[in-house]
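Below is one structure, written out as structure tokens; comments come after it.
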Amino acid sequence: MNRYQAVMSETLDPSYADPAFDEVEALLRAVPEGAKERAAALALAEEITAGRARQRKLMADLVAFQEAQATVDEAPAARQPQPEPEPPQEEAEAVPAVVAEPSAEVVAAAAPTRRRPSSPVIVYTTSWCGVCVRAKSYLDSVKVDYVEKDVEKDERAAKEYVKTRKANGLGGGVPLIDVNGLYMVGFGAQNLERLLKKQGYL
């Protein structure tokens, strides 16, 4: 938890993950020797390189924390000791009873009506996020429809992501999973299953 808080206290600038920075760095380093702008260009290129390295390290730490947390969430509960069975008691001889089978109409009427979700699950992701891949694979495995929104490639998705976090008091990190108004940051199969069942997806 201390490491997570330390990571989240750092500035995570998703713009460093933009592939356009590769071209920017290349252009800065291509300024010819002797040009008066060369020193400033190289300094800026080094600053970008350092920033991108720092960003990758912070996000790797965050992903590692989320994966460790998911492992904890999915760990089976400790088995509770079971009481020893009581010795069997003598019973009177059972007399078979004749029970009429319920009609199909009665069975259909007794079946509960399951509430249908009003929208698909939304998963806010990034392209490098391993936990996001696990969350999507789980949704695929249980055949739940979802919409993926990459917060680095889609500016509108990034704004939605920030707005959702602030409105619901959620911490940073991906994936952020919106289960029809209930939210989960990170991924744990058991926790997500509970949300999906509560909202009628399962």
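The values are calculated or read from the model by the stated rules, or taken from the named source; none is laboratory data. All values reported here derive from a predicted model rather than from experimental measurement. Cβ sites come from the backbone with ideal geometry, for glycine too, and all protein chains shown count toward neighbours.
Pull up the stretch 145-165, narrow it to residues that are under 14 Å from Val121 (Cβ atoms) and under 13 Å from the mean Cα position of the chain (by Cα), then point me to the one that is surrounded by the fewest Cβ atoms within 10 Å (Cβ to Cβ). Step by step, filter the stretch 145-165, then rank; the result is Val147.
Of all residues in the stretch 128-143, which are of a type outside the set (Val, Ile, Thr) and either without any contact (Cβ under 8 Å) to a residue 60 or more places away in the chain or not in a loop (DSSP other than H, G, I, E, B) (or both)? Quick ask: steps written out before the conclusion?
Step one: filter the stretch 128-143 for residues of a type outside the set (Val, Ile, Thr), giving 128-130, 132, 134-141, 143.
Across the stretch 128-143, the qualifying residues are Gly130, Cys132, Arg134, Ala135, Lys136, Ser137, Tyr138, Leu139, Asp140, Ser141, Lys143.
Evaluate the following for Ala77: is it assigned to a loop (DSSP other than H, G, I, E, B), closer than 19 Å to Leu192 by Cβ and modelled with pLDDT under 80? Don't jump to the end; show me each part of the working.
Numbers: assigned to a loop (DSSP other than H, G, I, E, B): yes; closer than 19 Å to Leu192 by Cβ: yes; modelled with pLDDT under 80: yes.
So Ala77 fits the description; yes.
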